[in-house]
Amino acid sequence: MRVFACGRCGRRLYFENSSCLACGAEQSFDSHARELVVNDGSQPRCVNAALIGCNWLADVPGRLCPSCALTAERPASDDTGAIADLVGAEAAKRWLLFQLGELGLPVQSATEREGGLEFRLLSSEHEHVTTGHASGVITLDLAEVDDAHREEMRAQMGEQYRTVLGHFRHEIGHYYWPIIVGGTPLEDECRQLFGDEREDYQEALQRHYENGPPANWMDAHVSAYATMHPAEDWAETFAHYLHIRDSVQTAEAYDLRAAGAASQPSADAAPRAVLLAWFALMPALNGMARSLGLDDPYPFVISPPVIEKLAFVERAVSEAAQAANGSRDSIPS
């Protein structure tokens, strides 16, 4: 994530800011320019500003911003408990969409094309909700926003890492496979690296939960869940690619350097450049957390086969961004 500056006084701002703490100027995020701008009241704020604290601009007064407009289903406004969880889910979604814009990946809504992107952010307090992706629809159980519930699920599932942003990054990986890999010259290479995504999913799911991951899963996969099915291997690797790209960009924004760390690569940099920067920064990041008595924020082992997969994702994203041309302004209003 980049750091931002107040257009009035020049002080540092964060992506989530709705006002400058130094001069008090109201701030709104312009999703087309991908910048925080001083809002003098003449620019339309998202109608969800009061309900969930959304700090994005709408294109039309009285309308939702481009991020909130992608949410097709959410709890009723008077469901105070679920709306409190929706605040965190929508914040993570805005972060995700910002990064997709930074990478130049196209985002088209379900109103723009069949199978376009939309979100269902629902509370399992009232109905059964399964977090996942299907035909462009990303569903999130809002219970995942609750720290205690999420930690309980993380331990129960034997996961090393579980966050709301991580969920979104994983599911958006499923969304992008048919867009940036399927039907392209990269498809066969992807199957050689990750396996054939046409393998029966339900059989693979049952096998995974009956037998668990293979003992040597770290030799070729970024997580145990990635061993379940080739489609999940792709999605897990895609999510980690987004983790890495965002973390390296943040390090660059704060001028953080570890021994051997490369400068932040541009969008068209050679594959592996981001990975080289990450491998230098990752030990420092984990070391800082340990100094504070915290667990490693990135408790993963990146083996050579995983490096190959991450480099492939980098190439697929880069080629898709170049092909999309104007995709940086493609988040729908």
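The values are calculated or read from the model by the stated rules, or taken from the named source; none is laboratory data. Bear in mind the structure is a predicted one, so any value in this text is a computation, not a measurement. As a convention, Cβ positions derive from the backbone with ideal geometry for all residues, glycine included, and neighbour counts pool all protein chains shown.
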- prompt: Checking G182 against (1) surrounded by fewer than 16 Cβ atoms within 10 Å (Cβ to Cβ); (2) out of contact with any Cys (no Cβ under 9 Å at 6 or more places or on another chain); (3) not charged (D, E, K, R), which test does it fail?
  reply: (2)
query: Any idea which of G158, G104, G81 is of a type outside the set (V, I, T) and crowded, with 18+ Cβ neighbours inside 10 Å?
result: G104
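Condition check ((1) surrounded by fewer than 18 Cβ atoms within 10 Å (Cβ to Cβ); (2) touching a strand residue (DSSP E or B) at 6+ places or on another chain (Cβ under 8 Å); (3) not hydrophobic (A, V, I, L, M, F, W, C)) across all residues:
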{"residue": "V37", "(1), (2), (3)": "yes, yes, no"}
{"residue": "D40", "(1), (2), (3)": "yes, yes, yes"}
{"residue": "L51", "(1), (2), (3)": "yes, no, no"}
{"residue": "E114", "(1), (2), (3)": "yes, no, yes"}
{"residue": "F119", "(1), (2), (3)": "no, yes, no"}
{"residue": "D141", "(1), (2), (3)": "no, yes, yes"}
query: Out of all the residues in region 54-93, which are part of a loop (DSSP other than H, G, I, E, B), under 18 Å from E118 (Cβ atoms) and hydrophobic (A, V, I, L, M, F, W, C)?
result: C54, A58, L64, C65
- prompt: In this structure, is F29 under 24 Å from Q108 (Cβ atoms), part of a strand (DSSP E or B) and under 27 Å from the mean Cα position of the chain (by Cα)?
  reply: yes
- request: Go through (1) surrounded by fewer than 14 Cβ atoms within 10 Å (Cβ to Cβ); (2) modelled with pLDDT of 95 or more and name the single condition A316 misses.
  value: (1)
query: Among (1) at pLDDT 95 or above; (2) on the phi > 0 side of the Ramachandran plot, where does G41 come up short?
result: (1)
- prompt: Would you say L105 is touching a helix residue (DSSP H, G or I) at 6+ places or on another chain (Cβ under 9 Å), at negative phi, among the aliphatic types (A, V, I, L, M) and not in a strand (DSSP E or B)?
  reply: yes
message: Please go through region 5-23 and give me each residue that is part of a loop (DSSP other than H, G, I, E, B), within 20 Å of A91 (Cβ to Cβ) and of a type outside the set (G, A, S), ordered by number.
response: Y14, F15, E16, N17, C20, L21
